[in-house]
Amino acid sequence: MVGDHVTKTVRLEPISGNVALVAWQFVGQPLQEWPSWVQSSCSLQKDAEGKFELRHERRSGTQIVYLGEWLVRDLDGGVDFYTDTEIWARFAAKR
């Protein structure tokens, strides 16, 4: 999926459990195409090498999300991030 211009939000279910989650993949979309929950907690910056990175502010510090990685929001509003491989190993797309 990393090269495709994806703007949709995916609903996920943990492979073991019944909690519904919402995921969004950062593939370089402009700010206005980000879901509101991403806009409210993240900012786009360039690293020292000029690569884009999404910065997610957390109580424990700044989390950097790179192109192709996923932000996952749980029902309580908490946000975590996963690589493309990690997300599909841990979650299944809700049907």
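The values are calculated or read from the model by the stated rules, or taken from the named source; none is laboratory data. As the structure is a computational prediction, the values presented were derived from the model and not from experiment. Here the Cβ is made from the backbone with ideal geometry for all residues, glycine too, and neighbour counts use every protein chain on show. Remember, those area values only see protein heavy atoms, side chains included, never the ligands or the DNA or RNA. Shrake-Rupley method; radii C 1.70, N 1.55, O 1.52, S 1.80 Å.
Quick notes on this one:
- Integer Hz, Karplus 6.51/-1.76/1.60 couplings in order for the stretch 71-85, x for Gly and Pro: 9, 10, 9, 8, 5, 8, x, x, 10, 10, 10, 9, 6, 4, 5
- For the stretch 46-54, backbone phi angles converted through the Karplus equation (6.51, -1.76, 1.60; θ = phi - 60°) give residue-by-residue couplings of 10, 7, 4, 8, x, 7, 6, 9, 9 Hz, Gly and Pro being listed as x.
- Measuring r between the beta carbons of residue 76 and residue 44 and using R0 = 22 Å, the FRET efficiency lands at 0.30.
- Per residue accessible area in Å² of the stretch 40-95, where ligands, DNA and RNA are left out and the probe is 1.4 Å: 68 Å²
- Sum of side-chain charges, residue 52 neighbourhood, beta-carbon under 12 Å (Lys, Arg +1; Asp, Glu -1): -1
- Distance between the pseudo-spin-label points of residue 83 and residue 55 (7 Å out from Cα toward the beta carbon): 2.4 nm.
- Here's how it looks for residue 27: its modeled amide H is under 5 Å from those of 68, which are all 5 or more places away or on a different chain.
- Each Lys and Arg contributes +1 and each Asp and Glu -1, all at the Cβ; summed about the Cα centre of the stretch 52-95, the dipole is approximately 160 debye.
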